[in-house]
Amino acid sequence: MSEKNIALLYQALPPPMIDGLRKDGKPGGYSDGGADIAFTLKQHHRSVVTPTVHPAAEVPFDWVFPDTEEGIKAALKAGATHFWLNTVLFEGHPIEKVPANIYKIGQTPKAMQRFDDKFITNKLLLQHGLPVAQSYLVGQKVVHAGILSLADLQSKIDKAEMVFPLVVKPVRGRGSQGVSVVHDFKHLQLTIEQLQQGQKFGSYFMVEELLEGKEITLTIMPPVSGLDRWQAQSHYWALRPVHRFNQTDYIAPYNGDIPVTENSAAISLTELQSPEMQVIVKACVKAAEIVEARAPIRIDCRANKEGIFKIFDLNMKPNMTGAGRPGREKQDCLSMISIRAEGWEFIDLLDIMIASAWR
């Protein structure tokens, strides 16, 4: 199979409930990013399989197949040899049924289901000695062991084991959706009640220490063979960290409302060499190794008052939008901001991801 015929998948399947938790689906199911990828690949003469013979640049669904069994079969019938898994995977996903000779660009369903649970992931990283924000699982009702009641959390706050302000967020969240900072116990209780009533995320949530310093995000890349535009990487490797700024009450605005290009910038090479930055970069590379990432992951970190960075969110399926299609000039994702700081283009990032394909 020398020729690469790439088909992009988007999230058409409804997100399943896993252990009482749900990851709310993104409107459009990442079809916008999938179309950005497919359009750029086609513009650079890579072979792309699309559901429409003559896809229109401004119509995302002309470029992407649904991640249903029918959508996958249609892509295979059209000649797909590689599936770009630009969707949220889980165990039992139809992609698990494709023939063994078909390549995938993205994570395994098993790994994504496991590590999309932010609490389990952070606990695992902490067990490996990595710097991670302190957090607890909290619910109005204790549905299983390991979840604190509000009374239990109040006791920890009274003992100064947790100190306001605190962050409340979904366990299987997406971006800043459902994330808020609470400043007292009444505010915390009301926030959890509202999240439960919304029924988007499940019956319990993470309550996490607020890190009040600088926020950065790192894209960690998988091992890849070398080409003329980049060197071979036999281990996981980090792109340059990106600084997140202009936040509201410590929370970055949802990128569907404000493009990340307006509140994010790659750090300087001088800052990259600082001891604090080198420590967190190495920690994030180690984190990718621990979760055995098959494709780029993004890790959000923030410094505490002492300037020590901690990991607070590992994202197995980072947003991969990129400027290129008409009207998408401001839609570079955070990984692209880092790539452009090195003088690379969207096609460079995409080709590196293709080089990490697995089967």
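When all alpha carbon pairs of segment 224-359 are counted in 5 Å bins from zero, the resulting P(r) reads 2, 9, 17, 23, 22, 16, 8, 3, 1 %. With all protein chains kept in place, the per residue accessible area of segment 7-127 amounts to 42 square angstrom at a probe of 1.4 angstrom. To the nearest ten degrees, helix 31-43 and the longest principal axis of the Cα atoms of the chain are 40 degrees apart. Multiplying the residue separation of residue 194 and residue 5 by 0.36 nm and removing their Cα-Cα distance gives an extension gain of 63.5 nm.
Shape analysis of segment 53-114 based on the Cα gyration tensor places the equivalent ellipsoid semi-axes at 21, 14, 10 Å, largest first. Helix 275-291 and the long axis of the chain differ in direction by around 70°, with both axes built from C-alpha atoms. In this structure, residue 265 and residue 329 have a Cβ-Cβ separation that, at R0 = 25 Å, corresponds to a calculated FRET efficiency of about 0.90.
Exposed loop sites here mean chymotrypsin sites (Phe, Trp or Tyr not before Pro) with a DSSP loop assignment and at most 14 other beta-carbon atoms within 10 Å; the chain contains its longest site-free run at 1-244. For trypsin sites (Lys or Arg not before Pro), the sites in segment 223-316 that DSSP calls loop and that have at most 10 other Cβ atoms within 10 Å are 305.
Over segment 196-237, with every protein chain in place, what whole percent of the accessible area is carbon and sulfur at 1.4 Å, could you tell me? About 46 percent, which is the carbon plus sulfur part of the accessible surface. At an R0 of 25 angstrom, the distance between the Cβ atoms of residue 159 and residue 248 translates into a FRET efficiency of 0.25.
Estimated purely from DSSP H runs of n ≥ 4, each contributing -39500 (n - 2.57), the mean residue ellipticity at 222 nm for the chain is -8500 deg cm²/dmol once divided by its residues.
In the structure shown, the pairs 141/169; 23/104; 310/330; 23/156 are assessed against 26 Å; a Cα-Cα span above that value is assigned to 310/330; 23/156.
Subtracting the Cα-Cα distance of residue 47 and residue 97 from 0.36 nm times their residue separation leaves 15.7 nm of extension gain. For the chain, the longest principal axis of the C-alpha atoms and the axis of helix 185-198 are separated by about 40°.
Once neighbouring chains are kept in place and the probe is 1.4 Å, which whole percent of the accessible area of segment 1-151 is contributed by carbon and sulfur?
Working: 3730 of 6740 Å².
Within segment 1-151, the accessible surface is 55 percent carbon and sulfur.
Under 4 °C and 1.567 mPa s, how fast does segment 122-161 diffuse according to Stokes-Einstein, given a Kirkwood radius computed over C-alpha pairs? Answer in µm²/s, whole number.
On the way: Rh = 11.4 Å.
The Stokes-Einstein estimate is 114 µm²/s.
Per the 1.4 Å probe, what fraction of the accessible area of segment 248-311, in percent, lies on carbon and sulfur atoms? Walk me through the numbers on the way to the answer.
Numbers: 1630 of 3070 Å².
Carbon with sulfur: 53 percent of the solvent-accessible area.
The residues of segment 158-296 present an accessible area of 46 Å² per residue when probed at 1.4 Å with all protein chains retained.
The residues of segment 312-359 expose on average 33 square angstrom of accessible surface per residue, using a 1.4 Å probe on protein heavy atoms. Between residue 225 and residue 17, the simple spin-label model (points 7 angstrom out along Cα→Cβ) gives 4.6 nm.
Ignoring the sites themselves, what is the longest stretch of the chain with no GluC sites (Glu not before Pro) in a DSSP loop and at most 14 other beta-carbon atoms within 10 Å?
Values: sites that count: 3, 58, 91, 161, 212, 292, 306, 329, 342.
No qualifying site falls inside 213-291, the longest such stretch.
Taking all protein chains together and rolling a 1.4 Å probe, residue 18 ends up with roughly 30 Å² accessible.
The values are calculated or read from the model by the stated rules, or taken from the named source; none is laboratory data. If you're wondering where the values come from, they're calculated on a predicted model, not measured in any experiment. Neighbour counts run over all protein chains shown; Cβ positions are idealised from the backbone, glycine included. Accessible surface is based on the protein model in full, side chains and every heavy atom, while ligands, DNA and RNA are left aside. Shrake-Rupley method; radii C 1.70, N 1.55, O 1.52, S 1.80 Å.
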